[in-house]
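The values are calculated or read from the model by the stated rules, or taken from the named source; none is laboratory data. As the structure is a computational prediction, the values presented were derived from the model and not from experiment. Here the Cβ positions follow ideal geometry from the backbone for every residue, glycine too, while neighbour counts run over all protein chains shown.
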Amino acid sequence: MSNEKLIRFSITIPEDLLKEFESSYYTENRENRSEAVRNLMRSYVSSERWKNNNREVFATITIVYDHHLPELTRKLTAAQHDNGDVIICSQHVHLNHETCLECIITKGLSEDIEKFIEALKDIRGIKSLNFNVSAEI
Ligand code: NI
C-alpha cells in the first residue's frame, strides 16, 4: 500500500463526456472513478516524461495516410531521410486502394525523436499518428 498523500480536487467537464467515460473506461475496468482518473493521469505523466530527460529511447511510430494526396508521400520520404539517423527500420502495409499504414521503429535521443515526430505531424493529410516509447536505454 502506497503512503502517497491523497488530495481531493474538483474539475469541470461536459456531462456527456463523463457519461461516456463512465459507461466505457470506468465500468469496463471495474474501478472507482478516482482510481480510473488516477490511472489516466499516471499514464499521461509517464508518456510525457520521456521528453523531459533527453536520454536514448526506442520509439515506435505508426502513421496511416492516403498515398494519393499530392505531396504527402514526397514529404513523408523527405522527413524520413532528414531523420535517418534515428530510424532503425520501417514497415509499410497497403491497407486498401488508397490507404497506407507505416510503422517506423526509431532509436535515439528523445529530443531527436520528438523532432522527427513533429516533422511528421506537420505533413498535411496524415490520418493518424501514434507513437509509443517502448524502452529507455
Ligand atoms: Ni501503400
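Restricting attention to segment 107-125, the residues that are under 14 Å from the mean Cα position of the chain (by Cα) and either touching a residue at least 60 places away in the same chain (Cβ under 8 Å) or within 13 Å of the ligand (Cβ to nearest atom) (or both) add up to 2. Looking only at residues in segment 29-55 that are assigned to a loop (DSSP other than H, G, I, E, B) and among the basic types (K, R), the one that is surrounded by the fewest Cβ atoms within 10 Å (Cβ to Cβ) is R30. If you go through segment 128-137 and pick out every residue that is of a type outside the set (G, A, S) and surrounded by fewer than 12 Cβ atoms within 10 Å (Cβ to Cβ), you end up with 3. Among the residues making up segment 78-128, a single one is polar (S, T, N, Q), farther than 17 Å from A59 by Cα and part of a strand (DSSP E or B): T99. Restricting segment 90-106 to residues that are surrounded by 15 or more Cβ atoms within 10 Å (Cβ to Cβ) and β-branched (V, I, T) leaves a set whose member that is nearest to the ligand (Cβ to nearest atom) is I104. Under the condition of being in contact with an Asp or Glu (Cβ under 9 Å, 6 or more places away or on another chain) and either free of Cβ contacts under 8 Å to residues at least 24 places away in the same chain or surrounded by 17 or more Cβ atoms within 10 Å (Cβ to Cβ) (or both), the residues counted in segment 60-78 number 6.
One line per residue, one yes/no per condition, for (1) among the β-branched types (V, I, T); (2) outside the structural domain of L101 (by TED's automatic domain parsing); (3) in contact with a Cys (Cβ under 8 Å, 6 or more places away or on another chain):
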{"residue": "S10", "(1), (2), (3)": "no, yes, no"}
{"residue": "E22", "(1), (2), (3)": "no, yes, no"}
{"residue": "R33", "(1), (2), (3)": "no, yes, no"}
{"residue": "R42", "(1), (2), (3)": "no, yes, no"}
{"residue": "I61", "(1), (2), (3)": "yes, no, yes"}
{"residue": "I88", "(1), (2), (3)": "yes, no, no"}
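Candidates are the residues of segment 79-89 that are among the hydrophobic types (A, V, I, L, M, F, W, C) and surrounded by fewer than 13 Cβ atoms within 10 Å (Cβ to Cβ); the one that is farthest from the ligand (Cβ to nearest atom) is I88.
Identify all residues within segment 56-77 that are assigned to a strand (DSSP E or B) and over 10 Å from G125 (Cβ atoms); write none if there are none. Matches in segment 56-77: E56, V57, F58, A59, T60, I61, T62, I63, V64.
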